[in-house]
1. Check the chain and count each lysine pair with an alpha-carbon distance under 24 angstrom, considering only pairs eight or more places apart or from different chains.
2. Considering only the other residues whose Cβ falls under 10 Å of the Cβ of Asn83, what net charge follows from Lys and Arg at +1 and Asp and Glu at -1?
3. Over the chain, what is the relative contact order in whole percent, taking alpha-carbon pairs under 8 Å and six or more residues apart?
4. Loop only per DSSP, at most 14 neighbouring Cβ atoms within 10 Å: give me the trypsin sites (Lys or Arg not before Pro) in region 46-103, ordered by residue number.
5. From Cα coordinates alone, what are the radius of gyration and Dmax values for the chain in angstrom?
Amino acid sequence: QVQLVESGGGLVQAGGSLRLSCAASGSFLSINAMGWYRQAPGKQRELVATITSRGVTNYADSVKGRFTISRDNAKNLVYLQMNSLEPEDTAVYYCKAELKRHPWTDYVPYWGQGTQVTVSS
């Protein structure tokens, strides 16, 4: 079994900061890319930021300069530091990780259950 568990969401005022964490646990050999996605009410899930196993990052234009993604490969953790939060950032934030579970299989994406981030104006 594999599990991705997010933490760190909550309610914050506009201009504030939050740090999300996601821990991967269970039976797997390695992790490739990890990332954060979000889904606001009535909208499709969208990419926020991704990071490869070597630390190459990619951000949505809407969060560039405000959010920072990082990871701890030794602990199978990925983080999302969110600064200068805006009401438009309100959404459920999901962690995604590409995991290799067996030597004979490819990397497969797994998702966490999501954590709510609410930014008040």
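Every read-out reported here was derived from the displayed coordinates using simple, explicitly stated rules and does not represent laboratory data. Treat the numbers as computed from the prediction; the structure is a model and nothing was measured. Quick reminder, even Gly has a Cβ in these numbers, built from the backbone with ideal geometry, and neighbours come from all protein chains shown.
1. Working: Lys43/Lys64; Lys43/Lys96; Lys64/Lys96; Lys75/Lys96; Lys75/Lys100.
Lysine pairs satisfying the spacing and distance rule in the chain number 5.
2. Numbers: positive: Arg19, Arg66; negative: none.
Local charge sum for Asn83: +2.
3. Rounded, it is 36 percent for the chain.
4. Arg54, Lys64, Lys75
5. So, for the chain, Rg and Dmax equal 14.2, 50 Å respectively.
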